[in-house]
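Single-structure report; data block below.
The values are calculated or read from the model by the stated rules, or taken from the named source; none is laboratory data. None of the values given here were measured: they were computed from a predicted structure. Cβ: placed from backbone, ideal geometry, glycine included. Neighbour counts: every protein chain shown. With ligands, DNA and RNA removed, areas are computed over all heavy atoms of the protein, side chains included. Shrake-Rupley method; radii C 1.70, N 1.55, O 1.52, S 1.80 Å.
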Amino acid sequence: MARFERIRDVISGPFSPEVIRQRTAAGWQLVSLEWRRELPDSEAPTEGAFSEDIPYGLRISDDCQRLEIDPSENRVLMLMMELLVQDFPYSSIVSDLNEKGFRMRNGKPWSRVALFNMTPRLIEVGPRLFSTEEWIMVRQRFSSSKQEEIS
């Protein structure tokens, strides 16, 4: 199985193609570009337009009529739940999430506090996660590894 390392370059000045040349020469492959801009007042949402956060693991559907499962955030929830069930400490879970390249919605690496703050959400989505085919496979993997430890 191929193993990959990921890094994130934060460019604070004008962009230069030299950065891409240097990374490519060092064996890196460009995976994505991210853009951001400050919204002018004319485009900023009006006060009270929508002040509720969308629960982690969900996103607004393409038709803007409902919330739907966000596959990448759902993967994070599943991994968190799997490691919590196996009684890993928060520090290990955070380390695993960050090593695998998962980031919080704000783009920052996961922290123990951020993971702790996800606890109510994990409790809320637990019944749904536990009934998925993916969780059944996780549970089987977990059970077979426990059996090997006993043997």
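Numbers below:
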quantity	calculated
Gain on full stretching of the segment that runs from GLN29 to GLU134 - 0.36 nm per residue minus C-alpha separation	34.8 nm
Residue-normalised accessible area of the chain, given per residue in Å² at a 1.4 Å probe	81
³J(HN,Hα), Karplus 6.51/-1.76/1.60, whole Hz, each residue of region 78-93, x for Gly, Pro	5, 5, 4, 4, 4, 6, 5, 4, 7, 6, 6, x, 3, 4, 6, 5
Ordering of 63-75, 5-17, 119-131 by packing [mean C-beta count within 10 Å, highest first]	119-131, 63-75, 5-17
Estimated distance in nm for a label pair at VAL85 and VAL10, the labels positioned 7 Å out from Cα along Cα-to-Cβ	3.5
Region 105-117 - phi-based ³J(HN,Hα) in whole Hz, Karplus 6.51/-1.76/1.60, Gly and Pro as x	4, 7, x, 7, x, 5, 10, 4, 5, 4, 5, 4, 5
Cα radius of gyration and Dmax for the chain (Å)	19.6, 67
Portion, in percent, of the accessible area of the chain that falls on carbon or sulfur, probe 1.4 Å	53
Point-charge dipole on Cβ atoms (K/R +1, D/E -1) for the chain, about Cα centre, debye to 20	540
For region 59-72, 3J(HN,Hα) per residue [Karplus equation, 6.51 cos²θ - 1.76 cosθ + 1.60, θ = phi - 60°, Hz, x = Gly/Pro]	8, 6, 5, 4, 7, 6, 9, 7, 9, 9, 5, 8, x, 6
